[in-house]
1. I'd like to know if the range 89-105 contains one or more residues that are under 21 Å from GLU23 (Cβ atoms), away from the ligand (no atom under 11 Å from the Cβ) and buried (at least 18 other Cβ atoms within 10 Å of the Cβ).
2. Can you run down the residue pairs with Cβ atoms below 6 Å, 6 or more apart or on separate chains, where the first is in the range 77-88 and among the acidic types (Asp, Glu) and part of a helix (DSSP H, G or I) and the partner is surrounded by fewer than 21 Cβ atoms within 10 Å (Cβ to Cβ) and modelled with pLDDT under 95?
3. Quick check: anything in the range 17-37 surrounded by 15 or more Cβ atoms within 10 Å (Cβ to Cβ), within 12 Å of the ligand (Cβ to nearest atom) and over 19 Å from ASN98 (Cα atoms)?
4. Report yes if GLY52 is more than 18 Å from LYS12 (Cα to Cα), of a type in the set (Gly, Ala, Ser) and more than 9 Å from the ligand (Cβ to nearest atom), otherwise no.
5. For the range 110-123, does any single residue satisfy the condition of being among the charged types (D, E, K, R), touching a Leu at 6+ places or on another chain (Cβ under 8 Å), within 29 Å of ASN10 (Cα to Cα) and more than 9 Å from the ligand (Cβ to nearest atom)?
6. How many residues are part of a helix (DSSP H, G or I) and within 16 Å of the ligand (Cβ to nearest atom) if we restrict to the range 124-142?
7. In the range 40-52, which residue that is without any contact (Cβ under 8 Å) to a residue 12 or more places away in the chain and part of a helix (DSSP H, G or I) is nearest to VAL109 (Cα to Cα)?
Amino acid sequence: MKLSADDKHNVKAIWEHVKGHEEAIGAEALCRMFTSLPTTRTYFPTKDIKEGSSFLHSHGKKVMGALSNAVAHIDDIDGALSKLSDKHAEELMVDPANFPKLAHNILVVLGIHLKPHLTYSVHSSVDKFLATVGYVLASKYR
Ligand code: HEM
């Protein structure tokens, strides 16, 4: 999926409001994913993924940090996420069907907390950006 110049502008604009809230946004998105799609919990068998847990917060921060890195390198998302893509494909072996599920929950959280900034066009651009990230993360499976 190709991001247009407007998409890149829109994603960078809303990300200015994500900055500083990565941990809270990531933790809520993960918690919503684990609740609405319990099969995703199976990838975290030894972790405490209850609402408010320290793991949920630290992992949420890592996930959103990776997305912030992708936003910072929006012209080279493949390069920015290359190592993460190896990890999800070769080590974690996460079913790629799950990437859109997390993307959906991230978008829901942005809609709840950043509603005034999530105009229809920004919504569409963030959706495309997250789909691109999912595509990149799924690109190393063999
Ligand atoms: C680990 C990002 C989707 C399962 C990670 C890490 C990051 C990350 C940054 C830490 C890597 C490290 O410590 O080296 C992302 C992003 C995603 C995504 C940006 C999509 C937007 C998913 C999905 C699942 C998943 C959908 C499964 C349902 C895992 C697991 C780990 C992990 C099991 C290892 C956790 C641990 O043992 O601490 N991910 N991830 N990821 N991810 Fe993802």
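1. Within the range 89-105, none of the residues are under 21 Å from GLU23 (Cβ atoms), away from the ligand (no atom under 11 Å from the Cβ) and buried (at least 18 other Cβ atoms within 10 Å of the Cβ).
2. Pairs that qualify, where the first residue is among the acidic types (Asp, Glu) and part of a helix (DSSP H, G or I) and the partner is surrounded by fewer than 21 Cβ atoms within 10 Å (Cβ to Cβ) and modelled with pLDDT under 95, are ASP86/LYS140.
3. yes
4. Yes: the conditions hold for GLY52.
5. Looking for residues that are among the charged types (D, E, K, R), touching a Leu at 6+ places or on another chain (Cβ under 8 Å), within 29 Å of ASN10 (Cα to Cα) and more than 9 Å from the ligand (Cβ to nearest atom), one finds none in the range 110-123, hence no.
6. Going through the range 124-142 one residue at a time, the tally reaches 13.
7. Looking at residues that are without any contact (Cβ under 8 Å) to a residue 12 or more places away in the chain and part of a helix (DSSP H, G or I), I get ARG41.
The values are calculated or read from the model by the stated rules, or taken from the named source; none is laboratory data. What you see is a predicted model; the values in this text were computed from it and never measured. Ideal geometry is used to build each Cβ from the backbone, glycine not excepted, and the neighbour counts take in all protein chains shown.
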